[in-house]
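Engineer: Let me begin by handing over the structure; questions about it come next.
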Amino acid sequence: MKRRTYRRLRMSERENISRYLSQKMGVRWIARKIRRSPSTISRDILAGGSNRWMYRADTAHRRSLKHARHRKSGKLKLLSNHRLRKAVESKLRLHWSPKQVVEWLGQTYGANPAMRVSPETIYSYLYVLPKGRLKKELLSCLRRRHKRRHIKSSKEALVRREFEDMLSIEERPKAVANRTVPGHWEGDLIIGRNRQSAMGTLVERTTRATILIPLKSRKAVEVRKAFAKEALKLPRQMRLSMTYDQGREMSQHKLFTKSTRMKVYFAHPASPWERGSNENTNGLVRDFFPKGTDLSKLSRREIKRIQHLLNGRPRQVLGFKTPYESFKKFAGVALNS
């Protein structure tokens, strides 16, 4: 039997996918139409935190080409170039950092491309080595002996996510910023053990009333439905807006606004102080559910018990009134747990 080889999606195929999605066709229907596996179509639609409403052919194609280049570049260089590998390993054994090794290579071998490599390539080489004496020896020479490589996001990566029709925090009314009008909330997720579970948090900016939201997953559709369900329990005058970071879980913000009539404003990337009340409250929640807690094992009753404790606690910022008391003063009704 002839072995079937995998072919990456072409630009023309992605254009067809985009067109069929706009016509509200299903993944399996599209797969049959362009003669591809449904899983191939599904992966391409969801790649990079996208979804069927956000999918764009040109964006998906550029991302695919970029990832293909990254998979190819540098991965085999230290394995195939014996001279380079020996030079790198010799300096690592002297407890040099990968960055120091890279600078030394540049000064020693000049513009010789065969003897140039990036720090990230050296880290990748070390962490993909099979278990054994060599890997253990080289990793022990690093200052931070992590079992896995944790890649830090560069400043260039902290760019605004292009959600459709997203409203910047700069467009938020001044009355929200100075907390004179209640009904404006800040939202976020608390992440559980191994990033496999999550809990939603909503904090009202004026009264500091807190709502903890059980979640089955971090998928955008689940987050949107769970947040909307809790928001719709609020009196109409107390659900005016929500300020959120640019996490992918809020990509369905337009549907959230449609169902709750709450506008969603997005904070700038890596700017947690723009949602200070929420960040502070998340720290209070962590007193009960520390990092490493499997949040999926918590019952709704337990989560709402902690919500009740937080809202019944006097707060200095409220003149030592409780969020319950402040919420009832402005809303005219009690906050439901």
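Engineer: Pick from the range 77-102 the residues that are under 33 Å from the mean Cα position of the chain (by Cα) and among the basic types (Lys, Arg): which of them is surrounded by the fewest Cβ atoms within 10 Å (Cβ to Cβ)?
Structural biologist: 99
Engineer: Working only within the range 278-291, note down all residues that are within 20 Å of residue 172 (Cβ to Cβ) and surrounded by fewer than 20 Cβ atoms within 10 Å (Cβ to Cβ).
Structural biologist: Filtering the range 278-291 for residues within 20 Å of residue 172 (Cβ to Cβ) gives 278-281.
Those that are within 20 Å of residue 172 (Cβ to Cβ) and surrounded by fewer than 20 Cβ atoms within 10 Å (Cβ to Cβ): 279, 280.
Engineer: Tell me the residue from 268, 184 that is in contact with a strand residue (DSSP E or B) (Cβ under 7 Å, 6 or more places away or on another chain) and either outside the structural domain of residue 295 (by TED's automatic domain parsing) or not charged (D, E, K, R) (or both), please.
Structural biologist: Working: 268 fails: in contact with a strand residue (DSSP E or B) (Cβ under 7 Å, 6 or more places away or on another chain).
Unique residue meeting the criteria: 184.
Engineer: For the range 201-233, give me the residue count where each residue is out of contact with any helix residue (DSSP H, G or I) (no Cβ under 6 Å at 6 or more places or on another chain), within 15 Å of residue 250 (Cβ to Cβ) and not polar (S, T, N, Q).
Structural biologist: Looking only at that region, the number is 8.
Engineer: Which one of the conditions (1) more than 30 Å from residue 171 (Cβ to Cβ); (2) surrounded by 16 or more Cβ atoms within 10 Å (Cβ to Cβ); (3) at pLDDT 95 or above does residue 228 fail to meet, given that it meets all the rest?
Structural biologist: (1)
Engineer: Considering the range 1-20 alone, what residues qualify as being at pLDDT 85 or above and either farther than 15 Å from residue 38 by Cα or among the aromatic types (Phe, Trp, Tyr) (or both)?
Structural biologist: 10, 11, 12, 15, 19, 20
Engineer: Just to confirm my filter: which strands (runs of 3 or more DSSP E) fall fully inside the range 178-221 and include at least 1 residues that are surrounded by fewer than 17 Cβ atoms within 10 Å (Cβ to Cβ)? Walk me through it before giving the result.
Structural biologist: Values: elements: 184-191, 198-204, 210-214.
Those strands (runs of 3 or more DSSP E) span 184-191.
Engineer: Specify which of the listed residues (145, 179) is more than 26 Å from residue 59 (Cα to Cα) and modelled with pLDDT under 60.
Structural biologist: Details: 179 fails: modelled with pLDDT under 60.
Every option except 145 fails the conditions.
Engineer: Further, regarding this structure: Against the definition (modelled with pLDDT of 90 or more and out of contact with any Gly (no Cβ under 9 Å at 6 or more places or on another chain)), how does residue 214 come out, yes or no? If you could, list the steps in order and put the result at the bottom.
Structural biologist: On the way: modelled with pLDDT of 90 or more: yes; out of contact with any Gly (no Cβ under 9 Å at 6 or more places or on another chain): no.
Criteria not met by residue 214.
Engineer: Looking at the range 103-121, is at least one residue closer than 15 Å to residue 140 by Cβ and either surrounded by 14 or more Cβ atoms within 10 Å (Cβ to Cβ) or at pLDDT 85 or above (or both)? Give the steps one after another, and end with the answer.
Structural biologist: At the first step, the residues of the range 103-121 found to be closer than 15 Å to residue 140 by Cβ are none.
Within the range 103-121 (the criterion being closer than 15 Å to residue 140 by Cβ and either surrounded by 14 or more Cβ atoms within 10 Å (Cβ to Cβ) or at pLDDT 85 or above (or both)), the answer is no, since none of the residues qualifies.
Engineer: Okay, next question. Any idea which of (1) in contact with a strand residue (DSSP E or B) (Cβ under 8 Å, 6 or more places away or on another chain); (2) under 14 Å from residue 188 (Cα atoms); (3) at pLDDT 95 or above is the one residue 257 doesn't satisfy?
Structural biologist: The failed condition is (2).
The values are calculated or read from the model by the stated rules, or taken from the named source; none is laboratory data. Note that this is a predicted model, so its numbers are computed, not measured. Note that each Cβ is placed from the backbone with ideal geometry, even for glycine, and that neighbours are counted across all protein chains shown.
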